[in-house]
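Here's the structure, in structure tokens; my notes come after.
The values are calculated or read from the model by the stated rules, or taken from the named source; none is laboratory data. Just so you know, these numbers come straight off a predicted model, no measurement behind them. Glycine gets a Cβ as well: all are built from the backbone with ideal geometry, and neighbour counts include every protein chain shown. Surface accessibility is based on the protein's heavy atoms, side chains included, excluding ligands, DNA and RNA. Shrake-Rupley method; radii C 1.70, N 1.55, O 1.52, S 1.80 Å.
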Amino acid sequence: MTAPLLRIEALEAGYGAAQVLFGVTLDIEAGSVTTLIGRNGMGKTTTIRTVFGLIRPKAGRVQVEGRDLAGAPPYRIAQAGLGYVPEGRHIFPRLGVEENLTATAASRQGRSAWTLERVYQFFPRLKERRGNLGTQLSGGEQQMLAIGRALMTNPKLLVLDEATEGLAPVVRAEIWQVLEALKREGLAILVVDKNLEALARLADRHAILEKGEIVWTGTTPDLKAPGGPIERYLAF
Ligand SMILES: Nc1ncnc2c1ncn2[C@@H]1O[C@H](COP(=O)(O)OP(=O)(O)OP(=O)(O)O)[C@@H](O)[C@H]1O
Ligand SMILES: [Mg+2]
């Protein structure tokens, strides 16, 4: 059996003395779209930040294609093939659109390698605004920039934390379409979001985080089943 693209196992982490994750376990397979869902403050962002080396785990494993990377610095996680679209976007404010895209770019072998040209094809609006500073973009454009920047690292797994938060419905719809297109290309995606309808349309598997533990995983039909996990865990 080959190792999953990402394995998170018994991960424990927190902030100082405050423990937030109490043994998060989740596998993500190549080419799959997985969601991490849960109410506010359950530890979704903490899980992702720990995977990306921004919080040091107290215990547990993070493996990318079988390689142990728990506690490794963020650049090594990126090199291993994980692309990060953080909650709040975190565009580099003093850099232009193009510099935001290229600052952390990395090339990789393969037909669908992401280049500046390809990102501009995908997001024509970014091309129009290439002369602007990151902070001069609208919220939706900044989100597209954050996604484009992550794609420029040519990831095997794209991880998005609340990528549609605070955006107008029409812009949200565009983001979901972008993720659909990336899925069709076979890119693996881990998506944290609160729009269950959109997540159910996009994703193959769902994982529910409750108080720092994965309490449920299943397929979209399982998620939507009457009397199922939505009522039990996700009354937002
Ligand atoms: N920098 C921090 N310092 C201390 N505690 C924090 C910090 N960031 C988050 N927490 C706490 O950790 C817990 C989990 O937060 P986290 O941001 O991981 O939740 P979340 O599931 O992403 O929530 P949301 O849906 O609101 O984004 C919460 O109780 C939160 O208050
Ligand atoms: Mg969060």
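Brief remarks follow.
- Principal-axis tilt of helix 139-151 within the chain, Cα atoms, nearest 10 degrees: 80 degrees
- Net charge contributed by nearby residues that have their C-beta within less than 12 Å of Arg89 (K/R +1, D/E -1): -4
- Label-reachable residues, segment 199-215, where backbone N falls under 16 Å from a point 7 Å from Asn40's Cα toward its Cβ: 211
- Lys pairs, the chain - Cα-Cα below 18 angstrom, 8 or more residues apart or on other chains: 7
- Rounded to two decimals, the Cα radius of gyration of the chain over 2.2 N^0.38 Å is 0.98.
- Inter-part distance where segment 47-64 and segment 134-149 are each reduced to a Cα centre, Å: 26 Å
- Average accessible area per residue (Å²) across the chain - probe 1.4 Å, nucleic acids and ligands excluded: 47 Å²
- Restricting the calculation to Cα atoms, segment 154-222 yields a radius of gyration followed by a Dmax of 12.5, 34 Å.
- Taking the 1.4 Å solvent-accessible surface of segment 6-233 as the whole, the part contributed by carbon and sulfur is 49%.
- The residue among Gly131, Gln79, Gly60 whose Cα reaches farthest toward the positive pole of the charge dipole of the chain, with charges on the beta-carbon of Lys, Arg, Asp and Glu, is Gly131.
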